[in-house]
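Written out below as structure tokens is the structure these notes cover.
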Amino acid sequence: MDLILTAIAEMAQPFRMLMLVTGVFAGLVVGVVPGIGGLFAMALLIPMTYNMDPYAAFALLLGMGSVTTTSDTIPAILFGVPGSVGAAATVLDGHAMAKKGEAARAFGASYSASMIGGVFGALMLAAAIPVMRPLVLYLKTPDFFAICAFGLSIVAILAGSQPLKGLAAAMLGMLASFIGIDSIAGVERWSFGQIYLWDGLPISLVFLGLFGLPELASLLMRGSIQGNAERPTYAGMWQGIRDTLREWPLVLRCSAIGSLLGAVPGIGIAVLDWIAYGHASRRPGPGPKFGQGNVRGVIAPESANNAKEGGSLIPTIAFGVPGSASMSILLGAFVIHGLVPGPDMLGKNAAITVSMVLSIAVANIVGAVTCLLLTRQLARIAQVSAAILVPLVITFIVVGAYQTNMSAFDFLLVMLVGAVGMAMKELNWPRSAFSLGFVLGPSLENYFFLAYQISGWAWLKQPLVLILLGLAIAGVVRQTVSWIKARGNADALPPALPDIAASSALTLLGVSALVTALLDFPFEAAIFPAITAGLLALFSLLTTIQTMLRWRKPVPASGADVTPVGEWQPSDGPAMKGNLTVLGLCLALAFLVLLAGHLTATFVFVAGGIWMLGSRSLNMTLAVAAGTTLCIYAVFDLLASQPWPAPWLAGLVKAF
């Protein structure tokens, strides 16, 4: 108790509290802007802590890191654009709720679940630090592989009524994750001689393109986020809070998932987010189906991703093994301030450790309360015209994407993945399954080879491995049986020639990848890509056969409920127009950034985009363009300052 009182007294000093609040608001801003991410922001803040004492320094850093997964739900719910990789699962049901006019309810549920999850994670950190070292040391590489395999089994749930498409999409995601320099044999895999691809496809850009651009195309065709004229009210927000409180067992279970898996090095936030979502979807309860606006699909991932911060700090403090990528950067702050992870953090520096727990708890409360106070105003954005919203969001996506590698290839990658996401959405290939495969692919490969090199095949006999793999198999079997029982509804779906063309193309892609992997890569680098490519070809071929067997079956009568669980909307002329318009806008902005610089490009693009999409108020158009340019300058020049390359126009002027 004396230790806790000492830590409270230290943190109560005005400057330290100011740093905590500053970190919270910086984290909220970072979470809202797609493409930056907490990892980048923490790297930027560390130099600012050089002259601070450890209490103030870690209050600033942990305050920022604890709430990026709170505010990243704002673009996820409103636009279907994950503010960070930790919000990808929230997109599925959160954005569906916003389209139904339930944005305020989704925000209320999200923020209250985030607050409870964050505080739960801090309490888990406080309770687990003394006993965490032996527990984490007990987990071996095979156990990590089994955890990842269990996470991949969730793809059976995410696929809904289209299991073959879901499995094929997961294999496609895994195959995409193998692009780059192989970490085991050190050879290039499908990088086509491009240095840009040596480090693989950046996960933030993949998620922006996969989820963000297709939803913006849909938004453009709807005219606004919310499909009706109902105004957001505080009643909607309180309903969301009541949903969270009513689902308190789910909140606690998913918070435990976030804390426990967050403490396991190598299990990233994107993985545990989907595991929590899959856990919730096993017991859907009343209300809409998952993927169509079920509030439990918002509560579960938001509880888990905020609890992760406390969990990932456990191995970092206990013995200097970072529980996440952001914790690896935080270890640099430990060195700067003369702190050594291990016994000292529970001995002479125990007060600092307790202050970290307090920082995480207070940051989550302050962040959630701040967002809750803004919920009604944020929900009003759902009524704003798409002619204004689409150019604004595209600006932040494209400019934010450029922050990843400061390369023109960043623009190209977002647009290419966006085109793939649009095709997957229109043809009912689950993007969530693709993202899960993309996230888990490298981990599965690395853990498999480490386990095999250490103990051969004997690791398959370990108890925890058997339990987790058994649960994974049971989950897939259970979902498959459910699909077989309900396949009559799925069989009623009218087949389409584009669907057959897509699955056939993926079959050819899988065969080509299999051949090149076996012929061009050494065994260590080829085995996992070859298995993945073979499965992609198999599942895609089965999908083609299944679709062709349904060919020419009568279309159900009007009004029949044939919509599967997932994200399907039939492809038509307006959808194609929206997709092409969004891709064209992204291409135009990318060209303008390279031609005239990001600030000039922002003003010209936003003004021109709003005017082109239908706004006829010149004053409003110029005001929005100027405000957006100011925001871009504040975020990407002041907050996240990076050296921008010289615009082409500047080079031409100098040349003449």
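Things to note:
- Spin-label pair Leu580/Ile8, simplified geometry with 7 Å Cα→Cβ offset, distance in nm: 6.5 nm
- Ser224 long-range amide H proximity, modeled H, under 5 Å: Ala386
- Cross-link check: pairs Lys99/Lys425; Lys165/Lys289; Lys100/Lys425; Lys140/Lys165 evaluated at a Cα-Cα cut-off of 22 Å; pairs beyond the cut-off: Lys140/Lys165.
- Extension gain, Val369 to Gln383, is 2.7 nm, computed as 0.36 nm per intervening residue step minus the present C-alpha separation.
- Packing rank of 421-430, 117-126, 603-612, 369-378, where each peptide gets the mean count of other beta carbons within 10 Å, highest leading: 117-126, 421-430, 603-612, 369-378
- Other-chain or far-sequence residues with amide H under 5 Å of Arg189's (modelled H): Gly180, Ile181, Asp182
- Thr507 sits among other residues whose Cβ lies under 15 Å from its own Cβ, and their net charge, with Lys and Arg +1 and Asp and Glu -1, is 0.
- Net charge over other residues, Cβ less than 14 angstrom from the Cβ of Ala368 (K, R count +1; D, E count -1): -3
Each value in this text was obtained by applying a stated rule to the coordinates, not by laboratory testing. It should be emphasised that the depicted structure is a prediction, and the values quoted were computed from it without experimental measurement. No Cβ is skipped: glycine too gets one built from the backbone with ideal geometry, and neighbour counts run over all protein chains shown.
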